[in-house]
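Written below as structure tokens is the structure these notes are about.
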Amino acid sequence: MFISIYGDYPYHARGYIQRPINDPFINTKVYLDDAKYYWFSTSLSGFYLNSLGGGSWVSFSGNAYKFIGHYADVYFITDAREFQIGTRLGAHFSLLQFNPFNASFYIQWQFWNGVLLRHGVTLGVELRLYPVKPLTFRFKEGAQLFERFSIGELDFEMGIMIEAWECFAGYRSWTLDNETYAGAYLGVRRYF
């Protein structure tokens, strides 16, 4: 049986991603009736991208049921003169789910408001690694696709778990033609 059920957060005592086993001494039906087939996380971070400015980023993601879930982001960038707000709403699909790592594909509709008014699609892959307690790593690579241009995006993040909370720091890079906008970010994430 290849069913994913979830603990409350990475490094939870019962594990984060679990697989029920066929054991004649365990009542599998009762075990699966009490199983949690979803996970959610929300995060808030502050960031800086050279030449664009700084801002805040809020994310809400998770698997609503087993291997499919939502992925929503709202971010605000300002250089103290002008601003840009980005809103992304979409889904992610788990490709691999194991305790040390999981991989997913994401696709989001995106809308920009502020200096530029644009809408398009964001898509890519995300890897989450849980190698040794309390460390976490997240790698995200994708593209923002608009009508006349596209932006490559890359995030690398390292975090420390404290129960269901994660404090993280990362590096974000957006590449448009031959220009790269890059910088650091710091934030906190809560799993539930």
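About its Cα centre, the range 73-160 has a charge dipole of approximately 160 debye under the convention of +1 per Lys or Arg Cβ and -1 per Asp or Glu Cβ, with nothing else charged. Excluding the sites themselves, what is the longest stretch of the chain that contains no GluC sites (Glu not before Pro) in a DSSP loop with at most 13 other C-beta atoms within 10 Å? So the longest stretch without any such site is 1-81.
Treat every Asp and Glu Cβ in the chain as -1 and every Lys and Arg Cβ as +1, leave all other atoms uncharged, and give the resulting dipole magnitude about the Cα centre to the nearest 20 debye.
360
Counting pairs of Cα atoms in the range 40-173, how many percent are more than 27 Å apart? Roughly 19 percent, once rounded to a whole number.
Quick one: compute the contact order of the range 5-191, relative version, from alpha carbon pairs under 8 angstrom and 6+ residues apart, as a percent.
Values: 493 pairs, mean separation 32.3, N = 187.
Reported relative contact order: 17 percent.
Counting neighbouring beta carbons within 10 Å and listing from fewest to most, the residues Asp155, Asp79 come out as Asp79, Asp155. Using a Gaussian network model of the chain in which every pair of alpha carbons under 10 angstrom is joined by a spring, one finds that among Arg118, Arg172, Arg81 the greatest mean-square fluctuation is at Arg81. Taking Asn50, Asn102, Asn178 as the candidate residues, the one with maximal mean-square fluctuation in a Gaussian network model of the chain, Cα springs under 10 Å, is Asn178. Exposure proxy for His119, His12: other Cβ atoms within 10 Å of each Cβ, ordered fewest to most, give His119, His12. Just to confirm my numbers, what's the Cα centroid distance between the range 121-188 and the range 82-100 in Å? Computed from Cα coordinates, the inter-centre distance equals 10 Å.
Just want the ordering: Ser51, Ser94, from fewest to most Cβ atoms lying within 10 Å of their own Cβ.
On the way: Ser51 10, Ser94 17.
The fewest-first ordering by Cβ neighbours comes to Ser51, Ser94.
Taken together, the values in this text are just the output of simple stated rules run on the coordinates, not laboratory data. Treat the numbers as computed from the prediction; the structure is a model and nothing was measured. FYI the Cβ positions are ideal-geometry reconstructions off the backbone, even for glycines, and counts take in every protein chain you see.
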